[in-house]
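S.K.: Before I ask anything, let me first share the structure, which is written out below as structure tokens.
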Ligand SMILES: *Cc1c(COP(=O)(O)O)cnc(C)c1O
């Protein structure tokens, strides 16, 4: 479905500058995601930190002709002779209005889903239940924000018979806009939990905001057993159909009579609208899946799905894999694994993710894709679109696997293309053996069994992994940015292998989110990042005297903390004929570690800097000794005063701007008034609030699996030196992680614990080098089950507290042999 530019201008009430015929098919809010310039309408959004207007020249050069702006460029007719500018008061509101007008054109059922958890699962399962009968348009991944919702709704087209959209809010005032865009005929509230509570005065307040989605819906769906939700809904004076579910009250529309778990399945017995008793089973047993299935059943029945079809499709529900995983593969390959339902919109997002990640020169991009189901398009057209998308996203090699895609793969315009009927055929082909030094996106519908390809391609080392959640890291970045003025710059500390999380992937993500500087400890770390395609400015905190050449060759900016270092650096730069090389001056205001003395050294420092032109001070900084504790507030104030004075003196001696910075993570939070020009974010990025010793958004989860279970009678011992004498007959699990992986030996002998299927299991006996033993007596578990050492459910701060240390040490102690796996929702 396309709109003429003329119609678009009318729909959003814009004043138009430029009069070129044009058709709009794609909406763009992030210049980096551009794919089809000719049909794209770019919205120049303004946020606290960024202004989309900045990207207009670049986008115009890349072929974009249509822009929604608040400020029309001064010489638009001369500078952009072929462009149309639509001027509005707010580009975000224009985007939302356009989606809303688009929504108005559809007289079909639209399901809007909100709630703290389960939105995506309910959306995907409803899609699985309904899509055999009708073409469904739904939010791709979890596009549920003020920007994501309009972009999702825009995807509806002539074929759409049902829309399913998520509405996510994080603060007051957001839901009304989302409701107006979605205009749900059926509005669903999954539940109310703790997420984003910091922005609401109470749980009720958050619930009230969420139920704004219910206004004007024909049918509302919620949990009648939740008192708070029922009360808040009661306040609404809502007169439409209440389709509640309950396990207690048989007068509601969806009465759940019983829930029975058996083996790996759960059977739900229900009575819908006072009719016959019916049942369905799902192949899951966890609480969340069961509740979400009940929501889906209620909505599907309301949409007219028959009880038999419901039963049959429920039994075949597939798990919803939300995550894009990045893993190191064999032969120099990187694997991006996306097992999220394969449709073309989700494919577009995954390709964009791959395309936006910088990479070493020379590694080409490969897409391995299965047949796409339920696209509502003829296969010929569908796979032509897929081929186009792949070409635009820089894919070099397309490998199509499945009876349909294999027939069309040959027509793609990617330089290399192959088709295989099955995964087996592919695995035994020479194309499989030839995968080398490539970035590979694997995207396959579940029934094709792409897991097998992943298994063969991923380097198998040992079953212990550190899972790193890149979304959570970005949320933490934004959390700390929210304390700062929009113009304050940010250094992200990725020293010590990004506090253990792995500096390459972390740097790629930070670069994509436009941080100003990255900082590492030594030159080699910086050079390695350059090799992996990182172009951000990089500061070297501990420049070695032997590594100046590496720094010059890789544009790495050293910290300078002493006269000896300064002289050596200047000499080395002069020898290379370098002038104006940026350096960062460190002042010691109380740590007594490294740095110039703010009173005694400044005259000489300024004098020396003035009498050479090899290096120039780019920034000047100092470090708080105790910003994480109020006990040191007086000392911090003294430190700041000394720094303030010394750094001003340095600035006054030079014409150019010298960035001044002092705040670290805790400082950003505790002393936002001391943010100066720039802040240095470290531990907070990785999710630890060092002031309260709590987790903001957890980033890293250290996981392993049970290798072996054994029954050990009371009075026997476990492990070296006969330490762990058992007081009762016990079940002991051996797990493949030891002190050589960074599991501190002091956690042994029941001082620490891990989580086995969510339950505390103490370490028994001494922790060995590569293996540890835990007591799982009374815990339902099997060999192969997953074990959490720390992470989402067991905060790393629990371990550091037991060990009497700080979370920094636990995080940075995870050794290199532990595989890092990155994912993003
Ligand atoms: C590591 C480091 C930081 C970051 O400190 P956090 O407490 O992790 O935020 C800031 N500045 C300097 C000089 C550092 O070495």
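S.K.: Every residue in segment 28-45 that is within 30 Å of residue 480 (Cβ to Cβ) and modelled with pLDDT of 95 or more, please. Before you say what the answer is, go through the steps one by one.
M.R.: From segment 28-45, those within 30 Å of residue 480 (Cβ to Cβ) are 28-34, 42-45; that's our starting set.
Hits for segment 28-45 are 28, 29, 42, 43, 44, 45.
S.K.: Could you check segment 598-624 and list, in sequence order, the residues that are in a loop (DSSP other than H, G, I, E, B) and buried (at least 17 other Cβ atoms within 10 Å of the Cβ)?
M.R.: Restricting attention to segment 598-624, the residues satisfying the condition of being in a loop (DSSP other than H, G, I, E, B) are 598-601, 611-614, 622-624.
Passing the criteria: 598, 601, 614, 622, 623, 624.
S.K.: Another one. Only one of (1) free of Cβ contacts under 8 Å to residues at least 12 places away in the same chain; (2) closer than 22 Å to residue 587 by Cα is not met by residue 546, so which one is it?
M.R.: (2)
S.K.: Would you point out the residue of segment 14-25, among those that are over 32 Å from the mean Cα position of the chain (by Cα) and part of a strand (DSSP E or B), that is surrounded by the fewest Cβ atoms within 10 Å (Cβ to Cβ)?
M.R.: Taking the candidates together, the pick is 15.
S.K.: Let me ask something else. List the strands (runs of 3 or more DSSP E) inside segment 677-731, counting only whole elements, that have at least 3 residues being over 22 Å from residue 758 (Cβ atoms), within 16 Å of the ligand (Cβ to nearest atom) and in the same structural domain as residue 491 (by the TED database). Steps first, please.
M.R.: On the way: elements: 678-681, 700-705, 708-712.
Because the criterion is at least 3 residues that are over 22 Å from residue 758 (Cβ atoms), within 16 Å of the ligand (Cβ to nearest atom) and in the same structural domain as residue 491 (by the TED database), the strands (runs of 3 or more DSSP E) in segment 677-731 that meet it are 678-681.
S.K.: A follow-up question, please. Between residues in segment 677-688 that are farther than 16 Å from residue 625 by Cα and residues that are near the ligand (Cβ under 8 Å from one of its atoms) and in a loop (DSSP other than H, G, I, E, B), which pairs lie under 9 Å by C-beta distance while being six or more apart or on different chains?
M.R.: 684/664; 684/690
Residues are listed down the side, and each one gets a yes or a no for (1) over 21 Å from residue 383 (Cα atoms); (2) touching a strand residue (DSSP E or B) at 6+ places or on another chain (Cβ under 7 Å); (3) crowded, with 18+ Cβ neighbours inside 10 Å:
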residue	(1), (2), (3)
421	no, no, no
442	no, yes, yes
452	yes, no, no
484	yes, yes, yes
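S.K.: In segment 652-676, which residue that is part of a helix (DSSP H, G or I) and surrounded by fewer than 17 Cβ atoms within 10 Å (Cβ to Cβ) is farthest from the ligand (Cβ to nearest atom)?
M.R.: So, considering only residues that are part of a helix (DSSP H, G or I) and surrounded by fewer than 17 Cβ atoms within 10 Å (Cβ to Cβ), the one farthest from the ligand (Cβ to nearest atom) is 652.
S.K.: Being closer than 26 Å to residue 456 by Cα and either surrounded by fewer than 21 Cβ atoms within 10 Å (Cβ to Cβ) or in the same structural domain as residue 32 (by the TED database) (or both) is the filter here, so list the residues in segment 388-405 that pass it.
M.R.: 394, 396, 403, 404
S.K.: For the subset of segment 579-590 comprising residues that are free of Cβ contacts under 8 Å to residues at least 40 places away in the same chain and buried (at least 16 other Cβ atoms within 10 Å of the Cβ), which member is nearest to the ligand (Cβ to nearest atom)?
M.R.: Among those residues, the one meeting the criterion is 586.
S.K.: To continue, here is another question. Would you mind telling me which numbered condition in (1) out of contact with any helix residue (DSSP H, G or I) (no Cβ under 8 Å at 6 or more places or on another chain); (2) buried (at least 16 other Cβ atoms within 10 Å of the Cβ); (3) assigned to a loop (DSSP other than H, G, I, E, B) residue 766 fails?
M.R.: (1)
S.K.: Go through segment 510-525 and give me each residue that's surrounded by fewer than 21 Cβ atoms within 10 Å (Cβ to Cβ), touching a strand residue (DSSP E or B) at 6+ places or on another chain (Cβ under 9 Å) and not in a loop (DSSP other than H, G, I, E, B).
M.R.: Scanning segment 510-525 gives a single hit, 511.
S.K.: So residue 789 clears everything in (1) surrounded by 17 or more Cβ atoms within 10 Å (Cβ to Cβ); (2) in a loop (DSSP other than H, G, I, E, B) except one condition, right? Which one?
M.R.: Of the numbered conditions (1) surrounded by 17 or more Cβ atoms within 10 Å (Cβ to Cβ); (2) in a loop (DSSP other than H, G, I, E, B), the odd one out for residue 789 is (2).
S.K.: Going by what's in this entry, would residue 593 be described as surrounded by fewer than 14 Cβ atoms within 10 Å (Cβ to Cβ), in the same structural domain as residue 566 (by the TED database) and within 16 Å of the ligand (Cβ to nearest atom)?
M.R.: Yes.
S.K.: From the list 34, 28, 11, which residue is closer than 23 Å to residue 350 by Cβ, surrounded by 15 or more Cβ atoms within 10 Å (Cβ to Cβ) and touching a helix residue (DSSP H, G or I) at 6+ places or on another chain (Cβ under 7 Å)?
M.R.: Criteria check complete, one pass: 34.
S.K.: Any residue in segment 558-570 that's assigned by the TED database to the domain that holds residue 619 and within 17 Å of residue 611 (Cβ to Cβ): show its pairings with residues that are more than 16 Å from the ligand (Cβ to nearest atom) and in a loop (DSSP other than H, G, I, E, B) at Cβ separation under 8 Å, as long as the two are six or more apart or on different chains.
M.R.: Here the result reads 563/601; 569/614; 570/612; 570/614, each pair linking segment 558-570 to a residue that is more than 16 Å from the ligand (Cβ to nearest atom) and in a loop (DSSP other than H, G, I, E, B).
S.K.: Can you say whether residue 350 is in a helix (DSSP H, G or I) and farther than 19 Å from residue 512 by Cα, as far as the supplied structure shows?
M.R.: Against the criterion (in a helix (DSSP H, G or I) and farther than 19 Å from residue 512 by Cα), residue 350 does not qualify.
S.K.: Quick one: which residue in 176, 187 is in contact with a strand residue (DSSP E or B) (Cβ under 8 Å, 6 or more places away or on another chain), under 24 Å from residue 102 (Cβ atoms) and not in a loop (DSSP other than H, G, I, E, B)?
M.R.: Answer to the selection: 187.
The values are calculated or read from the model by the stated rules, or taken from the named source; none is laboratory data. Predicted model only: the values in this text are computed from it and were never measured. Neighbour counts run over all protein chains shown; Cβ positions are idealised from the backbone, glycine included.
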